[in-house]
Every structure is written in structure tokens, then in C-alpha cells.
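The structure appears right after this line, and notes come after that.
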Amino acid sequence: MTAITQIRRNDQPIYLDYQATTPMDPRVLEAMMPYFTYKFGNPGSRSHAYGWEAEEGVEKARGQIAKLIGADEKEVIFTSGATESNNLAIKGVAEFYKDRKNHIITTVTEHKCVLDTCRHLEQQGFEVTYLPVQQNGLLDLDVLRAAITDKTVLVSVMAVNNEIGVIQPLAEIGKICREKKVFFHTDAAQAAGKIPLDVEALNVDLMSISGHKIYGPKGIGALYVRRKPRVRLVPLIVGGGQERGFRSGTLPTPLCVGLGEAAEICMKEMDGEAKRLKKLQDRMLKGLQSKLSDLVINGDLEHRIPGNLNISFAYVEGESLMMGIKGLSVSSGSACTSASLEPSYVLRALGVEEDMAHTSLRIGLGRFTTEQEIDTAVDELVRHVTKLREMSPLWEMAQEGIDIKSIEWAAH
Amino acid sequence: MAYSEKLIDHYENPRNIGALDKNAEDVGTGLVGAPACGDVMKLQIKVGPDGLIEDAKFKTFGCGSAIASSSLVTEWVKGKTVDEAETIKNTDIARHLALPPVKIHCSVLAEDAIKAAIADYRAKAAKKDEPKAAAE
């Protein structure tokens, strides 16, 4: 089947939020379809052909996922998504080894599901160290090395950040963890299928994967659990003992098949797609920079997936900008888009000042993004940023040479 | 976030954007909010010899609700006396634009902006009267 180049209807806004979720690739849907209907068997049914057929689909998918990350298929277990995988990896290890070790290390820019899992463990008496990141969003390896103690059981560092797209130095982190005999978990929800990942080369012991971030279905994910040296986990969900006892419950065969197919397509197309996206990322950035001043790229631009840009449009508040660019679907680091009214904790962790965090947009590019869409997006952004700057008192002050930081603002 | 039609209209077609001469004696300027909070409003009024506000201009850095709130109040203060303008309440602004609860602070800020502009105007007027009073 040939690749589909456009997936949106013409009356829909241009989708530029690929870090939030991705549309399912029609090829994935096609692979899944039979498992909704006539191949409906329970993959756990060992006694008849329906079960065998479903099991075959599931096991093929497991192999496809394993191949994407250089693992053995026996080391891949299915979960409901990356949130569950992260919960299982962190709580599972912490719980199993708690008699000997009780310390976990992670970073302040992790996804909420990792941070909240760690908070939960803290309440249970575990010790957690939240490492800061550098201004470019990357972990300082010396800081990591210094944080590891003889009580440390697990280091959990995300592969690619969901807001700023930066790629952490996984190989170096893995090496340190292996030397110190500490398990290394990485949340690869934003990385798998986008950058090459090899659990052997990276010395990763646990890796979380999400279906819907890689053009697969929502509601499915996977956790890689190393067998040599063996990582043991206390399961979150118990029951029929499926998935080597790590995750009970009947497998959702169509979703498993979809995740497998999505993984295989990503693997086959990764090189070409990365190059294509890099061109689009460059095109967008150059387009914006040629027409707008005072742009700040948040996060390292080199160590970054090509499908992400996070830009602060100084003097223009993010939510009002999003209201203007109605033809584009993006997300903002501005407080005004969140219920808590707090600006993005990831941007704050990079040392981005609050006023600049309020002006940030996250732009996510992906498989179905076209050059034409990028050009339209640039035009629309330029038009609205210009309009909003003309009505921004901060822009006016900046043009008059007044330093905004010199003014004593009343907090409210 | 779902916004009312009125709010969207003020965001898309903001009234009275611009600046008045902040050094002019008949112009009062209010600058409220803080960049770190994500809202800054600058609101200016120009008071005619008859004591009525004959012009109002604003510039706002902030979300759609903040922009709409400040746009709306510039419309409302025009033609009013300074004393009348001072009675505009944030609740009126919030009700008119049907602001969602998390955006009520935008209307508070707009009220503050009018008050600050009026205070600035009055301070200028008092200064202008002072030397005259001393001379008499």
C-alpha cells in the first residue's frame, strides 16, 4: 500500500501538534481491521484456531516493536499506553527492590506521568531526586553521576521531551547507570520510531512506548523489560498472568497489531522521514526568522527531533496568538491555556523567564505535514504576531528602548 | 476555551488600539499587570474641556479575554465624565463578555486600568492647579 500524503479534510485547521498525538496511518488501520471482526479470538485461547490466529497477530506485533528498539520479542510487554508503561516501570522496580534500595533519580522536565509516579512513591517513603536540566534542556552527566548513591535503584530519564523535543544523551546515561549497577528506564514515547533506538547500544533496561505518538492507535503502548541482566517488577495489574505476569488482562488484539504495524512503518521510513521533517523544520524556522524579530527557540536546536519547534514570540501572549491563528492547531506554554494558570514547568526548568514562557508556542510536525502547510503556517503566524505586537504595550516599550525588566510591575 | 461571540468580536476587531501623548496634560495613562503574569494593559483617556472623556486608547499584552476586556472599556468610558468612568465595575465587564471563571482576573485588570488612568489624569490636573492656586 502506498503512503497517504494528506489525512485532513480541507475545512480542518492545519494540524501542527504531533507531540500531542498523531493521526493513525491508514496502513495501520488496514492491518488492524481483520482483528476487529473475523479474527476476533482471544490471544490467550490455546485450544482452538481463533485463539491461535489472534495470538499470531499479537506475537508478530511484539516482534515488530522489538525490532524497532533492538530488543528480543520476549522482552516486550503490551500496556494501555506510555502512562501505564511509566507507572509500571517505576513503581514496579521500586516496589520489587525496596528492601535493598529506595532511591530513584529522575529529571524535572519529565512528563507528568513520571513526575506524579515519583511523587506517589515519595509519599510511600521512597527517596526521589529530581535533577535540574541545563538551559538547553539537556541533563548534565556530572550532575547525574553525583546524584547516584548506593541506595539508588533506578534512573528514569526521558528520551525526547514532549514540549521542546530535545534528545537526552541516552548512551552516556546508560553507560553511567550500567557502571553503577543502577537500572535505567527511559520514557521513549516521543522518541520511538523517530530516532534510532537500540536498547543494547544504549544500555536501557526499561523503555516506554506509546502507540498514538507513532501513527498507531490510542489506548495501547508497550514496555521493554530487559531479561539479561534481568529486571524484575511488581505488577500494577494482577489477574490471569498475561504478559509474563507483568500485566494481566486480555490483550486488545487489534490495538497490539496496530502498534506493531506502526512500529514497522516507522522503522522502514525513519531515515527518509527524518530528512524530510528536518527540511520542513528549517523551512519554518527560516520563514519565521526572515519576517519576525525577537524570536527565541526554547531548547537545544541540535539535539532535537526534527518534528518539534518551541518558539517564544516575545511581547505576544501565547493564548491570544492561538486565538488568532485559527487555521493552525498548535499548543502553547502559556499559563492562560492551562487550568492552573501556571506557565509551562518545562520552560521554567530551562530558566525561561515567566514572561517569555507566556509567549511560547509548541509546533509539532509529522508524517502528514506538507511544505505547503508550513508556508501557510508561516504566513499566518507572521500576520498575527505582527498584529498582536502592534497592540502590545510591551512591544511599544521595547521599540522605545525601555527595558521591561527595569519597570516595577505589580504582581497580581 | 469556548468564548462568547462578543468577546471574539472584540478580540478580532479591537476598538481604539493605539496611543495618546502620555505627556499631554489632558491625557491620563494607566499601566497595570505584569509580564510575568501574562497580562499587561495600558489604557489612556483624553479628557475634554467639558470634563467628558473624548478619547480612549489601549494596548494590551495578554490572552484573548484581556484584549477584549480592555477593548470594551475603551468603548465604555468614551463620552463619560471621569467620575462616571470610575464607577465601571469588573463584574459588568465580565458579564458583558461572558468571561469564563478562570478569566475573571482579566476584567479586574481592565477595571484597574481605568482607575489607574483616571488617577494619573487627576494627579496631572492637581499639579496644574497648584501653582495657579499659589499665585492667586
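Applying the set (1) in a helix (DSSP H, G or I); (2) surrounded by 17 or more Cβ atoms within 10 Å (Cβ to Cβ); (3) of a type in the set (D, E) to A:E163 leaves exactly one unmet item: (1).
Regarding segment A:268-287, can at least one residue be identified that is in a loop (DSSP other than H, G, I, E, B), surrounded by fewer than 21 Cβ atoms within 10 Å (Cβ to Cβ) and in contact (Cβ under 8 Å) with a residue 60 or more places away in the chain? The answer is no; no qualifying residue exists.
Just give me the residues in segment A:79-101 being of a type in the set (A, V, I, L, M) and part of a loop (DSSP other than H, G, I, E, B), in sequence order.
Taking segment A:79-101 as the starting set, the residues that turn out to be of a type in the set (A, V, I, L, M) are A:82, A:88-90, A:93-94.
Scanning segment A:79-101 gives no hits.
Taking segment A:107-145 as the range and being under 20 Å from A:Q168 (Cβ atoms) and assigned to a helix (DSSP H, G or I) as the test, the residues that pass are A:K112, A:C113, A:V114, A:L115, A:D116, A:T117, A:C118, A:L141, A:D142, A:V143, A:L144, A:R145. Looking across segment A:388-406 at every residue that is more than 8 Å from chain B (Cβ to nearest Cβ) and surrounded by fewer than 17 Cβ atoms within 10 Å (Cβ to Cβ), the one that is farthest from A:I325 (Cα to Cα) is identified as A:S406.
Restricted to helices (runs of 4 or more DSSP H) entirely inside segment B:1-102, those with at least 1 residues that are of a type outside the set (D, E), away from every other protein chain (no Cβ under 14 Å) and surrounded by 14 or more Cβ atoms within 10 Å (Cβ to Cβ) are B:64-77, B:82-85, B:90-97.
Are any residues in segment A:62-74 within 21 Å of the chain's Cα centre (by Cα) and either under 13 Å from A:R244 (Cβ atoms) or part of a helix (DSSP H, G or I) (or both), and if so, which ones?
The first filter runs over segment A:62-74 and keeps only residues within 21 Å of the chain's Cα centre (by Cα), leaving A:62, A:64-71.
Once the filter is applied, which keeps residues that are within 21 Å of the chain's Cα centre (by Cα) and either under 13 Å from A:R244 (Cβ atoms) or part of a helix (DSSP H, G or I) (or both), segment A:62-74 yields A:R62, A:Q64, A:I65, A:A66, A:K67, A:L68.
The residues in segment B:53-69 that are out of contact with any Asp or Glu (no Cβ under 6 Å at 6 or more places or on another chain) and over 18 Å from B:K22 (Cα atoms) can be counted, and the count is 5. A:N162 falls short on exactly one of the conditions (1) over 19 Å from the mean Cα position of the chain (by Cα); (2) farther than 17 Å from A:Y97 by Cα; (3) of a type in the set (S, T, N, Q), and that condition is (1). B:E25 meets all of the listed conditions (1) more than 29 Å from A:R348 (Cα to Cα); (2) within 14 Å of the chain's Cα centre (by Cα) but one, namely (2).
Read the figures in this text as sums done on the coordinates, not as results from a lab. These numbers were taken from a predicted model, which means no experiment stands behind them. Note: ideal-geometry Cβ built from the backbone for every residue, glycine included; neighbour counts use all protein chains shown.
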